[in-house]
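Read the structure below first, then the notes.
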Amino acid sequence: MEIYLDNAATTRCYHEVRNIVVKTMMEDYGNPSSMHRKGVAAERYLREAAQTLSGLLKVHKKEIYFTSGGTESNNLALMGTALANQRRGRHIVTSVIEHAAVSAPIAALEKQGFSVTRLPVNRKGLIDLREFEKAVTENTVLVSIMFVNNEIGSVEPVQQIGELIKKKNPSAFFYVDAIQAFGKYRIHPKRMKIDLLSASGHKIHGPKGVGFLYVNDEVRIAPMILGGGQQNGMRSGTDNVSGVAGLAVAAKKIYSNLDANNAHMYRLKERLAAGFRSMEQVKIHGMEIDEGAPHILNVSFMGIRSEVLLHTLEDREIYVSAGSACSSHNRAGNVTLSAIGCSKLELESAIRFSFCEMTQVEEIDKTLKVLHEVLPILRQYRRC
């Protein structure tokens with residue numbers, strides 16, 4: 001039996017998503033920029049998707065821009081907003097645990113002369129709101145704080161952050177990386193004082209290679225991709241009709257069952273955590289089980305390198321994520337765990353388990369059973 005517990009990395013598509021993707025590839029395959037019947041049919045999917053997503057966020061559909069995914073949305077939001085508004089200020093506030101797709105564009109802006117304040121976090125992965133308020137100045141043009149951390153599932157108080165920004169510097173813009181939060185929380189940017197927000201399709205059982213960026217109509221933002229002028233000139237290139245249609249179907253479905261999905265995942269998370277509490281030399285990271293995001297649990301199994309445990313579980317068809325920096329593409333996990341004060345031993349032995357509504361209780365129980373079997377064996381071969 002295959003047990004997939006790496007849903008924070010990507011999710012399996014809904015059947016309804018597969019169906020709409022195939023339909024738009026094989027039947028309604030026109031270019032939405034074309035003026036003939038096929039083009040009009042394709043363009044309708046884009047309009048309906050914008051209507052679906054704007055309805056979920058309670059924003060205007062003209063404020064939704066489709067992208068190739070979270071990374072592009074992050075780059076467009078950060079680079080586009082900072083560069084277009086640098087006369088307002090050249091200071092950026094962020095946290096030390098942002099995803100690399102946020103921290104890298106900010107580092108690039110820093111090289112271009114922007115000053116950056118990177119706020120630390122506590123053991124739960126949360127910034128200090130008092131320190132945050134001090135960090136925002138009259139020169140601050142942009143604040144970038146993620147909604148849910150992708151490694152430990154910490155949930156930042158984004159509405160309080162938004163309110164503090166507008167109180168301290170009303171002209172500063174608030175960007176939220178909501179890639180791990182969209183589909184898990186009801187997010188209303190206008191009420192939460194969020195000016196820009198990103199989401200990605202493959203985190204919510206939609207296709208890979210598609211996402212969206214919400215941009216408040218009052219925000220001036222410079223496009224990063226130039227060409228044919230699609231999406232009002234904001235993001236040129238032939239529209240990914242199949243991806244956008246699949247994203248909209250996934251978003252509509254996941255939000256129609258949001259409360260039940262979350263309740264189910266919290267039960268799974270608590271069941272898994274309870275099993276870990278009965279084990280020796282195991283440390284759970286981040287917020288309390290019911291405080292953090294419903295789908296992420298990060299745990300260190302002391303004395304066992306994370307990549308060794310990952311492949312041991314993989315051999316038994318259990319798929320998880322290694323939280324330590326054992327290879328170049330895993331550095332983000334190490335940054336987050338280091339930021340919350342984990343020891344070297346904890347860093348080297350961290351594993352991320354992440355669920356979705358399709359995950360079953362039996363899969364959690366099987367995972368715990370396997371861990372009880374393999375941990376004593378693996379610890380016999382720990383390094384001296």
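The values are calculated or read from the model by the stated rules, or taken from the named source; none is laboratory data. This one's a predicted model, so the numbers in the text were calculated from it and none came from an experiment. Reconstructed Cβ throughout: ideal geometry from the backbone, glycine too, with neighbour counts over all protein chains shown. When the accessible area is computed, the model is the full protein with side chains, heavy atoms only, and any ligands, DNA or RNA have been set aside. Shrake-Rupley method; radii C 1.70, N 1.55, O 1.52, S 1.80 Å.
Some observations on this one:
- With the largest listed first and rounded to whole Å, the semi-axes of the equivalent ellipsoid of segment 224-288 from the Cα gyration tensor are 43, 18, 9.
- Lys208-Leu378 FRET efficiency (beta carbon distance; Förster radius 35 Å; 0.05 resolution): 0.60
- Along segment 124-130 the Karplus relation, 6.51 cos²θ - 1.76 cosθ + 1.60 evaluated at θ = phi - 60°, assigns HN-Hα couplings of 8, x, 10, 6, 8, 5, 5 Hz to successive residues, with x for each Gly and Pro.
- Simple spin-label estimate for Ala273 and Glu16 gives 3.0 nm between the two label positions (7 Å along the Cα-to-Cβ direction from each Cα).
- Our helix-only sum for the chain, with -39,500 (n - 2.57) per DSSP H run of n ≥ 4 divided by its residues, gives a mean residue ellipticity at 222 nm of -13000 deg cm²/dmol.
- The peptide list 135-143, 12-20, put in order of mean Cβ contacts within 10 Å with the highest first, becomes 135-143, 12-20.
- Centroid-to-centroid separation of segment 75-99 and segment 180-255 [C-alpha atoms, Å]: 18 Å
- Residues with amide H under 5 Å from that of Leu119, placed H, sequence gap 5 or more: Thr94, Ser95, Val96
- Principal-axis tilt of helix 100-111 within the chain, Cα atoms, nearest 10 degrees: 60 degrees
- Straight-line reach from Lys190: taking Cα to Cα under 29 Å and skipping same-chain neighbours fewer than 8 places apart, the lysines in range are Lys58, Lys61, Lys62, Lys124, Lys134, Lys166, Lys167, Lys168, Lys203, Lys208, Lys252, Lys253.
- Only one item in (i) 39, 26, 19; (ii) 39, 33, 26; (iii) 35, 27, 17 matches semi-axes √(5λ) of the Cα gyration tensor in Å derived from the coordinates shown, and that item is (iii).
- When the alpha carbon gyration tensor of segment 15-153 is reduced to an equivalent ellipsoid, the three semi-axes, largest first, read 37, 19, 13 Å.
- FRET efficiency, 1/(1 + (r/R0)^6) with R0 45 Å, evaluated for Ser171 and Asn31 via beta carbons: 0.70
- Residues whose amide H falls under 5 Å from that of Phe174, counting only those 5 or more places apart or on a different chain, are Val143, Asp195, Leu196, with hydrogens built in the peptide plane.
- Intensity falloff of segment 1-90 expressed as log10 I(q)/I(0), Debye formula with alpha-carbon point scatterers, at q = 0.11 Å⁻¹: -0.52
- In sequence order, segment 141-152 has phi-based couplings of 9, 8, 10, 10, 10, 6, 6, 10, 6, 6, 9, 10 Hz under the Karplus curve 6.51 cos²θ - 1.76 cosθ + 1.60, θ = phi - 60°, and Gly or Pro positions carry x.
- Solvent-accessible area per residue in the chain equals 44 Å², computed with a 1.4 angstrom probe and all protein chains kept.
- J(HN,Hα) series, segment 239-253, from Karplus relation 6.51 cos²θ - 1.76 cosθ + 1.60, nearest Hz, glycine and proline x: 5, 7, 4, 4, x, 5, 4, x, 4, 5, 4, 5, 5, 4, 5
- Whole-number Å³ per residue for the convex hull built on Cα positions in segment 240-356: 141 Å³
- 0 to 90° range, to nearest 10: angle between helix 15-26 axis and the chain longest Cα axis: 40 degrees
- Computed E for Glu314/Asn232 - FRET, C-beta separation, R0 51 angstrom, nearest 0.05: 0.65
- Gained length - Asp365 relative to Ala100, 0.36 nm times residue gap less alpha-carbon distance: 92.1 nm
- Accessible area of segment 111-181 belonging to carbon and sulfur atoms, whole % at 1.4 Å probe: 51 percent
- The accessible surface of segment 187-342, taken with every protein chain in place and a 1.4 Å probe, is 47 percent carbon and sulfur.
- Surface composition of segment 1-83: carbon plus sulfur atoms contribute 56% of the solvent-accessible area (1.4 Å probe, protein chains only, all chains present).
- Relative to the longest principal axis of the Cα atoms of the chain, helix 158-168 runs at roughly 50 degrees.
- Relative contact order for the chain, counting Cα pairs under 8 Å that sit 6 or more residues apart, in percent: 22 percent
- Taken over segment 110-170, the percentage of Cα pairs per 10 Å bin, counting from 0 up to the bin with the maximum distance, is 20, 52, 27, 2.
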